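Scroll down for the structure; my scribbles are underneath it.
Just so it is clear, none of the values below were taken in a lab; they were calculated from the coordinates. Keep in mind that what you see is a predicted model, and the values were worked out from it rather than measured. Note that each Cβ is placed from the backbone with ideal geometry, even for glycine, and that neighbours are counted across all protein chains shown.
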Amino acid sequence: MSAPLAPHLAQLLHAHDDLDRRLERHQELLAAGDFRGACLEFHEFRAALLAHIDAEEQQVLPRYRTLRSWPSGGQPELFDAEHRQIRRMVAQLEVALATLGDGPLSPRTIVRLIEDEHPLKGVLEHHAAREERFLYPALHVLRPAAASN
């Protein structure tokens, strides 16, 4: 049995569930016809997601890189590439939401928005699984002082 993660690392790992809930809530608001609420929820999701990525890039990935040996599928460059892809996808979705204005949306537009968000959900799911399989467990091999900075 491995030792528990340092509290701030455990928070980062568990943030994936919170991010999933935020995106789901945004889509629920879209489906309910609350476009303004859906936009606010998406902006909150975006801010939380980007803060999470920034924290991983500043706290977790530098420590992970010190291992200098990674399993296939767990190379730091893959995490970096996925972070860039996620940032691009979120920016594109934010632009799409902004172009719709404030008026009521047709059911077709709502369905299209939710479908447009589906690839992001897939990338986030795949990325979280990669982190949970490779990134966070690998931090257990680092000296406790190094992993908790």
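Using the count of nearby Cβ atoms within 10 Å as a rough guide to exposure, how do Asp17, Asp34, Asp102 rank from fewest to most? Provide the component values of the computation, followed by the final result.
Numbers: Asp17 10, Asp34 13, Asp102 7.
Result, fewest neighbours first: Asp102, Asp17, Asp34.
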For the chain the mean separation of alpha carbon contacts under 8 Å (6+ apart) over residue count, i.e. relative contact order in percent, is 36 percent
Here, Ile114 and Arg87, labelled 7 Å along Cα→Cβ, have an inter-label distance in nm of 3.1 nm
CD proxy, 222 nm, the chain: helix-only mean residue ellipticity via -39,500 (n - 2.57) per DSSP H run with n ≥ 4, per residue, nearest 500, stands at -23000 deg cm²/dmol
Out of Glu41, Glu131, Glu77, a Gaussian network model of the chain with alpha-carbon springs under 10 Å gives the largest mean-square fluctuation to Glu77
Between the modelled labels at Asp102 and Arg133 (7 Å from Cα along Cα→Cβ) the distance in nm is 4.7 nm
Expected sort for Tyr136, Tyr64 with the fewest Cβ neighbours (10 Å cutoff) up front is Tyr136, Tyr64
Given unit charges at Cβ for Lys, Arg (+) and Asp, Glu (-), the dipole magnitude of the stretch 11-142 about its Cα centre in debye, nearest 20, is 320 debye
A chain fully extended from His140 to Asp20 at 0.36 nm per residue, minus the present Cα-Cα distance, gains in nm 40.7 nm
If the chain between Ala51 and Ala31 were fully extended at 0.36 nm per residue, the gain over the current Cα-Cα distance would be 4.5 nm
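Normalized C-alpha radius of gyration of the stretch 10-113, against 2.2 N^0.38 Å? Intermediate results must be reported in sequence, preceding the final value.
Details: Rg = 16.6 Å, N = 104, 2.2 N^0.38 = 12.8 Å.
Normalised Cα radius of gyration, the stretch 10-113: 1.29.
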